Amino acid sequence: MNFLIAFAVVMIFMTLGEWVATATKAFIPSVFITAVLFVIGFWTVLPKNVVENASFGPGFITICIALLLVHLGTLMNLRELLAQWKAVCIALLGVCGTLLLTLTVGTLIFDWKTVVAAVPPLTGGLISALLMSNGLKAQGLASLVALPVAMFVIHSVVGYPLTSVLLKQESRRLLSHFRANGSKLDPNVPKMRRGAEEVKDNRPKLLNLPEKYQTSAFIMARVAIVGLLAMGFGTLTNNVINSNVVCLIFGVIAHQIGFLEDNALNKAGVFNWLMYGLLAYVFGQLSATTPAVLGGIVLQIIVLIALGVPGMFLASRLLAKPFGMSWQMAFSCSLTALFGFPADYILTSEVARAMATTEDEEEYLTQQMMPKMLVGGFATVSVASVIIATIFLKLL
């Protein structure tokens, strides 16, 4: 009974977030509302373990991340993935802009250890926040342990609405171009939007079994095998390339050679379930903050965010034109450092759905923005922030 109550609460919070996003046409993103509901809940009556009781514990999430990243690879092709190198450069240089301002101006305002403890989560997401918290605890710096998680909470709240506004501006520009050119999609590009209808897949198939054997379990088994191979590759190479990135790349390769079909987990009917589970787990980390803890460090966090976000903006604005992007798209790629996957996917999907007037327009917006946002998020959150956190722990 308690487990069912926990699950119901989590899904009600998700529903309210989606309803607000729909009612405001993504001006207020669903992830923002859901995050606020979880914070209020944890500070009042919600048990700290509500997300785990709802079945979204660490074991489920380990499986969930691998499956979802492989699935996202089935929405892209190798040429498209390689074409996003500009988004990677802009996102990484945006992080450099953040580091430049926070480590110079920030250290003039606060002591060195405070800045070093807070900056890695500012340039990344949950993983870097947990790395810093555990590292600070191991070094006996108890007074700073709450700072990385609190930074993760607050900068996400800043990042969600700001990115949504920028993506809506970019959507207006893209739609103007799309409509002026006849509103026709490239038939050779796989559909990316959630719930897209199936299109004929002309790629060669490695496992060309009769239709009656193409079950949901068979799709999930193949996605799991690809995820397992990706994780194994990451382990064998000592994670020289982050395992999350390897899962995406292996998903693209498996899709290209015909081992996985387009939009695999949607065809299996489990994509939304996994996505909600991953989001719930991320929001569950907000239980680590309390009003008392947050009140004691909120000034440092706000000042460092006020330094870090303009650093991202300056770097993005300078690079946008040379790299052939609008400054709104470039800045959005940099801002993925404030939340990463899966929020980058959710925000982009919501904006595309809100701004489009037809299914083809929604598909076009998704195709144009989603790869840049996903790859930018992986570059910052999955790679750069982990490296930065590892280095900064040695600077304390």
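Taking the residues in region 338-396 that are among the charged types (D, E, K, R) and over 20 Å from His155 (Cβ atoms) as candidates, determine which candidate is modelled with the lowest pLDDT.
Within region 338-396, the first condition is being among the charged types (D, E, K, R), and the residues that meet it are 344, 350, 353, 359-363, 372, 394.
Going one step further and asking which of them are over 20 Å from His155 (Cβ atoms), we end up with 353, 359-363, 372, 394.
Details: Arg353: 90, Glu359: 87, Asp360: 86, Glu361: 90, Glu362: 91, Glu363: 89, Lys372: 89, Lys394: 75.
Of everything passing the filter in region 338-396, Lys394 is modelled with the lowest pLDDT.
Do you know which residues across region 322-340 are aliphatic (A, V, I, L, M) and in contact with a Lys or Arg (Cβ under 8 Å, 6 or more places away or on another chain)? Matches in region 322-340: Met325, Met329, Ala330.
Of all residues in region 1-37, those that are outside any helix (DSSP H, G or I) and exposed (fewer than 13 other Cβ atoms within 10 Å of the Cβ) total 1. Each residue in region 339-361 was checked for being open to solvent by less than 30 Å² (accessible area, probe 1.4 Å), farther than 11 Å from Ala91 by Cβ and not hydroxyl-bearing (Ser, Thr, Tyr), and 10 of them qualify.
For region 228-256, the candidate set comprises residues that are polar (S, T, N, Q) and farther than 19 Å from Phe341 by Cβ; within that set, the residue that is least open to solvent (accessible area, probe 1.4 Å) is Thr237. Selection of region 62-112 for residues being more than 15 Å from Ala379 (Cα to Cα) and of a type in the set (D, E, K, R) yields Arg79, Glu80, Asp111.
Screening Gly324 on (1) open to solvent by 10 Å² or more (accessible area, probe 1.4 Å); (2) modelled with pLDDT under 80; (3) at positive phi shows it passes everything except condition (2). Applying the selection to region 103-140, what residues are at pLDDT below 75, surrounded by fewer than 16 Cβ atoms within 10 Å (Cβ to Cβ) and not in a helix (DSSP H, G or I)? Residue satisfying the conditions is Gly140 alone.
Inclusion of Leu100 among residues that are assigned to a helix (DSSP H, G or I) and surrounded by fewer than 24 Cβ atoms within 10 Å (Cβ to Cβ) is warranted. Determine, yes or no, whether Ser183 is farther than 14 Å from Ala254 by Cα, open to solvent by less than 70 Å² (accessible area, probe 1.4 Å) and either in contact with a strand residue (DSSP E or B) (Cβ under 8 Å, 6 or more places away or on another chain) or modelled with pLDDT of 70 or more (or both). Criteria not met by Ser183. Of all residues in region 38-56, those being open to solvent by 10 Å² or more (accessible area, probe 1.4 Å) and assigned to a loop (DSSP other than H, G, I, E, B) number 7.
The values are calculated or read from the model by the stated rules, or taken from the named source; none is laboratory data. If you're wondering where the values come from, they're calculated on a predicted model, not measured in any experiment. We place every Cβ from the backbone using ideal geometry, glycine too, and count neighbours over all the protein chains shown. Protein only, heavy atoms only, side chains kept; ligands, DNA and RNA dropped before computing areas. Shrake-Rupley method; radii C 1.70, N 1.55, O 1.52, S 1.80 Å.
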